[in-house]
Amino acid sequence: MGKEVSAIELQQKFVELLNGVYHNGDQLIIKNANKPLAAIIPIEIYDRLIKQREEAFSVLDRIWEKAPKVSEEEVQTDIEQAIAEVRAKKL
C-alpha cells in the first residue's frame with residue numbers, strides 16, 4: 001500500500017516526494033478531503049502494469065479473432081431467445 005499524501009503536502013514537498021518515488025520505490029496515494037484522487041508510482045511498476053494489461057488484452061484479441069463475426073442484432077435476438085427459454089422452463 002502506498003504512502004498517503006494530501007494534495008497540499010504534494011504541492012509543498014513535490015520534489016522531495018518525487019525523489020522518494022524514484023530513489024526508494026515509494027508509492028504515493030494523493031488525497032484531497034480524505035478522498036483518494038491519484039497515485040504516483042515508480043516507472044518500473046507502471047511499465048509492468050502496462051505490460052500485464054497488454055498481455056491480458058492480447059488474449060482477448062486472440063479470442064475475438066476466433067469468434068465468429070455476428071451482428072449486434074443477431075446477438076440481441078439470441079439473448080432474447082435464451083431468456084424466453086429460461087422463463088418457459090420456470091413456468
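The values are calculated or read from the model by the stated rules, or taken from the named source; none is laboratory data. Since this is a predicted model, take the numbers as computed values, not measurements. When we count neighbours, we look across all protein chains shown, and the Cβ atoms used for this are built from the backbone with ideal geometry, even at glycine. Ligands, DNA and RNA are excluded from the accessible area calculation, which covers all protein heavy atoms including side chains. Shrake-Rupley method; radii C 1.70, N 1.55, O 1.52, S 1.80 Å.
Here are some notes:
A quick yes/no check of all residues on (1) in contact (Cβ under 8 Å) with a residue 12 or more places away in the chain; (2) open to solvent by 70 Å² or more (accessible area, probe 1.4 Å); (3) part of a helix (DSSP H, G or I):
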position	(1), (2), (3)
Val5	yes, no, no
Leu17	yes, no, yes
Ile29	yes, no, no
Tyr46	no, yes, yes
Leu49	no, yes, yes
Glu54	no, yes, yes
Ile63	no, yes, yes
Asp78	no, yes, yes
Val86	no, yes, yes
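- Restricting attention to segment 66-76, the residues that are part of a helix (DSSP H, G or I) and not β-branched (Val, Ile, Thr) add up to 5.
- Check on Leu17, among the hydrophobic types (A, V, I, L, M, F, W, C) and touching an Asp or Glu at 6+ places or on another chain (Cβ under 8 Å): yes
- Residue selected from segment 31-44 under the condition at negative phi and outside any strand (DSSP E or B), by the criterion most open to solvent (accessible area, probe 1.4 Å): Glu44
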